[in-house]
Structure formats: C-alpha cells, structure tokens
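*Asks:* Got a structure for you, questions after.
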Amino acid sequence: MTTRTFQLADVIELMADTVPDREALVTDTQSITYAELDERTTRLANHLASLGVGRGDRVGIHAMNCPEWVEAFYGAMKIGAVPVNVNFRYVAEELRYLYADAGCVATVVAPEYEAVLDEIAGGLPDLAHRIVLGEPYEQALAAASPERAFDPRSPDDLYLIYTGGTTGMPKGVMWRHEDLIFGAMNASRLKMPADSPEQFAREAAANPGALRLMALGPMMHGGGQWVMGNAHVAGGTLVLYCGRRFDPEAVWDLVEAAGVHSVGTIGDAMARPLAEALANPSRERDLSSMISIGNGGAPLTAKVREQLRAVLPPNVIILDSYGASETGAATARYDTGEGHSAPRFDANPETSVLDPEGRVCAVGEVGMLARRGNIPLGYWNDPVKTAATFTEVDGVRWVIPGDYARFEDDGSISLLGRGSVSINTGGEKVYPEEVEAALMHHPAVFDAVVVGTPSERWGEQVTALVQLRQGHEADVENIRDECRSHVADYKVPKDILVVDAVTRTPVGKADYVWAKRTAAELLNLDV
C-alpha cells in the first residue's frame, strides 16, 4: 500500500480512491468527480514529466478561472513540481519579472495570453514549454498515461504563491505542503489535527453531506486557492465561478443550481452587488442550501452587512476571516451585528498582537498582528524581506505581515489596516479601513477609499475619494458629519473628493496606488 503524506496531490488521490463519484469541482457548465479530476491531473502530470519537468520545477498557470486552472494546480504537484499563479492582468514588464523571478520552466496558458508571452519569451530562457488550453491541452492529456507511476511525495514539497501587496513587484511566498494544509486549508475541518492524510479520506467517506464551497475571486490569488483547499481537504466540492466579469445574478444562479453552502466574498466590492441583486423584487431565489457568507481579504462595512442580513435567509451567518498569503487562515469571527468601526476577529493561541520588541500588547495598545504555528518558510529569492517579516521571539517563530491591530476588552482583535498605507496626521496614526467603514455608513456613499496626502499643517492629512450612489448628489459636509459620528475627529477626512468610480484590485481590495495618484491630481499636488 502506498504511504501517503500531507501533500495536496496525495489528498486528491486519497479522495479519488475513497469517494470517487463525489463532485470535486462544479462550474456553470461542468461537473467533475474526484475520480475524473484525479485522472485528468494524472495525465497532465505525466505529460509534464515527459517534457522533463520534475520535482521542484516551477510551472506557471496563466489563465482566468476555469477547470483547467485547478487541473494544472494539482497536476504539477503530482510530480513534486511547483505551480505558480500568474496574474493574467499583468502587462509584459510585470509578466517578464514574475516568470523570471519564479524561474518557470513551463506554463499552462490560455490562448488569449500567448501574444504577450511571445513578446517576452526572448528574456525567459528557462521557459522551455508552453501548454496552451483548448485543443493542444486536450490532445496532450489524451496522449498521456492515466497511470499514477509517480515518485513518493513529501510534506516538505514546496508551494509558492505570488502576492502583489500594496507596493513593489510581486513577491513569492514559500510554504511547505504540510504547513499549507494545516495553516490555510483546514478551516472546514474546524482546524482539527490529523494523524495521517488517510484520516481526511475516512472523514469524507463518513460525511455524505460534505460542504460545497464557492470561490468568487480569481484563482490566481490566495483567497480562491484557500477556498479550493478547504473544500478538497474535507472531501467537499469546489464550486468555481468562471464568469469573465463579476455578474451577481450569474453568481446566484450558480448558487441555486449547485446547492452551494457557503459563498466566499472579498469585501464590499463583491458583497454589495450580491446583496443588491437579492433585493431585486422581480427575482425570487431559492437559497435553502446556504449556510454562510464567508468574507476575507477586504473588510465588509457595517452598511453592507446590514444589506446582506436584510436579504439573506435568517439562518445564514456572516463569517469574517483574516488571512494573507503570508499567514494562511489565521483567525475568524461570526458577525453578531455589533457594527464595529474596524473588523474584529477572535484571538487564538496562534494569533496575537505584538509590540516592536515582540512582547504581547496590552488591551488597547496598537501593535502588529502576528501568527505562529503552521506558517510559511519565507519569501522566494528574498532573504532580506524574509528576515523582516518572519521573526523569532523567545524561540517561537512568528510571521508579521504588516497589519496594525489591537486587543479589545472582550479579548477579540481589531484589525486596523496595513502599515504601509497608514496615515500619520499631526502625530496620530489613522488606518484607512476604519475611516472607509465610517464613510460607508452614509446612504449616498456607494464606495470609498482613504489615503494620506501632504499637508503643511499636519504633515499628512486624511483624504477620501468617494463614489456616490446613482441619483445622489454630493453633500460633503453631511458626509463628513456622518463620518464624525463613527470615528474621532482627527480621522475625519479633511478633503472628500467625488469620483465617478473607485478603482479596486481584481479581488476587491482598495487600490491605494491609484487613490494616491488620483487624489494628488484632483488636489493639484506636486507629489
């Protein structure tokens, strides 16, 4: 009998052997069982091996959401290779950097991105193989063996995820597979330990009603991969939204058709249009399968939470989670309707708030969110950044990704925002997400992003860019008054700039680079 390890390809094979006919992946057009997923990923793995791809080699996945994205992810892992998430929105310069930094020897690419690969291929001597989705991909799978004749895998096999962050070029975060599974993909099992990967399969066989989790964000980002892993480690089903653009009506169509239990959103940018689609009186929805809305990656404001609670069945909970490429699924908290000005999460033995000396902060003291336990090895090709983000205190290794936080009286943790975008105004630190949440309480505000801009008096001042709801006119003083009722006066924006649309990243996070540039232009600042 083959000895299995805590490696994701081993998990998929165990599920295929134990619950072969259970759906592993569902889209709006396809349903793929664990047995089918295992066979296709095995064929892809054997094809990659025939090209000379082996353990530790990096394989790009350069496509929008599609079943083949999932196949490429697990197919590379079957031979111990490392899938690399390629941001399909990148232009040539960014793609050249990512492919070169990762040292990809092969890529699985959608045909619409071949032209840009042709443009940069001369600067990528390592990129020897290109498998194009569509007919070439299917021909390669058909010609490859379906037999699992692979070398033993290791829990130390590498997983690499590139994260754009708020500044600079993308960074690759390195995980061991075992740490990835227990640190990022074990929430569906309530973070329970396991003595072997076979335990995952036994639990799945004993649970015919395994969770059906829906990923809305691009699989090229960690959030989508976390949802996928949480589904498959527990023997559940990944329901993958593959729309070329975000269409809330199409999302709810898929929720109904696939019997989704939990929808994973990324902040207001996804949750608000989902709530407003449900509020449409001309369309009745059967959401009887729904158990929860899971949100992570960007905060839900109190206003959007109210909208969701008003249209969702009363039994559906909102579960907020904190995680990052560097931390995995660190902590979570059920929304009880308290409406805090900053996102709050439950403290746990692995998650804390540390001061600059590495001591645990007192209640009310602002420090940096930190996680220990199953955490990454560090950053790919960047020992300096690794040393700055991963630190050891009293023999315990922590990851400190850069988010300010504080303990509250009830023992929970308030997340205040990323240090790289915090605003220092008159000696006071202001965290944009807290002010953005306050602005969103105003009924005329559809979206908002907050940045610091230069000020002779304050050093930096708080400046907001707001997008108004259709049919509303700007009453800046009224918006400022509403904001003042939720946050201290020094946090209230000195300037509120109305824009046609707030720009966000592909996964719904605030685009602070765009916001800084736009604010400077509108204020005629020379920055």
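No value in this document is a laboratory result; all are computed from the given coordinates. Quantities reported herein were computed from a predicted structural model and do not represent experimental measurements. Backbone-built Cβ (ideal geometry, glycine too); neighbour counts: all protein chains shown.
*Asks:* Take the Cα atoms of segment 34-193, find their three principal axes, and give me the spread along each one in whole Å, biggest first.
*Replies:* Extents along the principal axes, in whole Å: 45, 42, 24.
*Asks:* Indicate, rounded to the nearest 5 percent, the antiparallel portion of the DSSP beta bridges found entirely in the chain.
*Replies:* Numbers: 53 of 88 bridges.
DSSP beta bridges in the chain are roughly 60 percent antiparallel.
*Asks:* May I pose another question? Can you run phi through the Karplus equation (6.51, -1.76, 1.60; θ = phi - 60°) for segment 209-223 and list ³J(HN,Hα) in whole Hz, with x for Gly and Pro?
*Replies:* x, 4, 5, 10, 9, 9, 9, 9, x, x, 5, 6, 10, x, x
*Asks:* Explain nothing, just the number: dipole magnitude of the chain about its Cα centre with +1 on each Lys and Arg Cβ and -1 on each Asp and Glu Cβ, in debye rounded to the nearest 20.
*Replies:* Values: 46 positive and 74 negative charges, 81 e Å.
That gives a dipole near 380 debye.
*Asks:* Here's a follow-up. Using only Cα atoms and rounding to the nearest 10 degrees, what angle (0 to 90) does helix 34-50 make with the longest principal axis of the chain?
*Replies:* Orientation of helix 34-50: about 80 degrees from the principal axis.
*Asks:* Let me ask you something else. Let me check against my output: what whole-number percent is the relative contact order of the chain, with C-alpha pairs under 8 Å and at least 6 apart?
*Replies:* Details: 1092 pairs, mean separation 58.3, N = 527.
Relative contact order comes out at 11 percent.
*Asks:* Restrict the search to segment 1-70; then list the trypsin sites (Lys or Arg not before Pro) that DSSP places in a loop and that have at most 16 other Cβ atoms within 10 Å of their Cβ. Please list the in-between numbers first.
*Replies:* Working: sites: ARG4, ARG22, ARG40, ARG43, ARG55, ARG58; in loops: ARG4, ARG22, ARG55.
When the trypsin sites (Lys or Arg not before Pro) of segment 1-70 are filtered for loop state and at most 16 Cβ neighbours within 10 Å, ARG55 remain.
*Asks:* Between [x] 27.3, 115; [y] 23.4, 77; [z] 23.1, 72, which matches Rg and Dmax of the Cα atoms in Å calculated for the structure shown?
*Replies:* Of the labelled values, this structure produces [z].
*Asks:* For segment 422-522, what are Rg and Dmax over the alpha carbons, in angstrom?
*Replies:* Expressed in Å, the Cα Rg and Dmax of segment 422-522 come to 12.6, 39.
*Asks:* For segment 347-353, just list the computed ³J(HN,Hα) in residue order, Karplus coefficients 6.51, -1.76 and 1.60, θ = phi - 60°, integers in Hz, with x standing in for Gly and Pro.
*Replies:* After applying 6.51 cos²θ - 1.76 cosθ + 1.60, I find 6, 8, x, 8, 10, 8, 10 Hz.
*Asks:* So, one more: If R₀ is 35 angstrom, what is the calculated FRET efficiency for the pair ASP151 and ASP382, using the beta carbon separation as r and rounding to 0.05?
*Replies:* Numbers: r = 29 Å, r/R0 = 0.84.
That gives a FRET efficiency of 0.75.
*Asks:* Over segment 1-86, what relative contact order in percent results from Cα pairs under 8 Å that are six or more residues apart? The partial results should precede the final answer.
*Replies:* On the way: 107 pairs, mean separation 23.9, N = 86.
After rounding, I find 28 percent.
*Asks:* Order of TRP226, TRP252, TRP514, TRP175 from fewest to most other C-beta atoms within 10 Å? It would help to have the intermediate numbers written out before the result.
*Replies:* Working: TRP226 27, TRP252 20, TRP514 17, TRP175 23.
Ascending number of Cβ neighbours within 10 Å: TRP514, TRP252, TRP175, TRP226.
*Asks:* Could you tally up the Lys pairs in the chain with alpha carbons closer than 16 Å? Skip any pair fewer than 8 positions apart unless they're on separate chains.
*Replies:* 4
*Asks:* So, with +1 on the Cβ of K and R and -1 on the Cβ of D and E, and no other charges, what is the size of the charge dipole of segment 343-420 about its Cα centre, to the nearest 20 debye?
*Replies:* Values: 8 positive and 12 negative charges, 60 e Å.
Result for segment 343-420 is approximately 280 debye, rounded to the nearest 20.
*Asks:* Hey, another quick one. Round to the nearest 10 and give me the degree value, 0 to 90, for the angle of helix 268-278's Cα axis relative to the longest principal axis of the chain.
*Replies:* In the chain, helix 268-278 runs at an angle near 90 degrees to the longest axis.
*Asks:* Next question, about the same structure. Work out, step by step, the length gained on full extension between SER288 and SER196: first 0.36 nm times the residue separation, then minus their alpha carbon distance; give nm to one decimal. Please report the intermediate quantities before stating the final value.
*Replies:* Working: separation 92, 0.36 × 92 = 33.12 nm, distance 3.47 nm.
Using 0.36 nm per residue and subtracting the Cα-Cα distance, I get 29.7 nm.
*Asks:* Quickly estimate the mean residue ellipticity at 222 nm for the chain, helices only: each DSSP H run with n ≥ 4 gives -39500 (n - 2.57), and the total goes over all residues, rounded to 500.
*Replies:* Working: 16 runs with 163 residues, N = 527.
Value at 222 nm, helices only: -9000 deg cm²/dmol.
*Asks:* Using amide H atoms built 1.01 Å from N in the peptide plane, name the residues 5+ places from ASP447, or on other chains, whose amide H lies under 5 Å from its own.
*Replies:* It is GLN467, by chain and number.
*Asks:* Related question: Counting other beta carbons within 10 Å of each residue's own, what order do MET15, MET290, MET220 fall into, fewest first? Don't skip to the end; give the middle numbers.
*Replies:* On the way: MET15 28, MET290 21, MET220 24.
Starting with the residue having the fewest Cβ neighbours, the order is MET290, MET220, MET15.
*Asks:* Near the amide H of ALA332, under 5 Å away, which other amide H atoms are found, from residues 5 or more places off or on another chain, if H is placed in the peptide plane?
*Replies:* Those qualifying (amide H under 5 Å, at least 5 residues apart or on another chain) are TYR322, ASP346.
*Asks:* Based on alpha-carbon atoms only, what is the radius of gyration of segment 343-420 relative to the globular estimate 2.2 N^0.38 Å?
*Replies:* Values: Rg = 12.4 Å, N = 78, 2.2 N^0.38 = 11.5 Å.
So the Cα radius of gyration is 1.08 times the expected 2.2 N^0.38 Å.
*Asks:* In addition: What's the magnitude of the charge dipole for segment 34-193 around its Cα centre, counting Lys and Arg as +1 and Asp and Glu as -1 at the beta-carbon? Answer in Debye, nearest 20. Don't skip to the answer; put the middle values down first.
*Replies:* Working: 14 positive and 22 negative charges, 108 e Å.
That gives a dipole near 520 debye.
*Asks:* On C-alpha positions alone, give me the angle between the axis of helix 512-522 and the longest principal axis of the chain, in degrees, nearest 10.
*Replies:* Between the helix axis and the principal axis of the chain, the angle is about 40 degrees.
*Asks:* Check which residues have an amide H placed less than 5 Å from VAL239's amide H, if you skip close sequence neighbours.
*Replies:* HN-HN under 5 Å from VAL239: VAL26, LEU213, MET214, ALA215.
*Asks:* Follow-up question, since we're still on this one. For ILE161, ILE131, which order do you get if you count the other beta carbons within 10 Å of each Cβ and list the fewest first? List each step's numbers first, then the result.
*Replies:* Numbers: ILE161 25, ILE131 21.
Starting with the residue having the fewest Cβ neighbours, the order is ILE131, ILE161.
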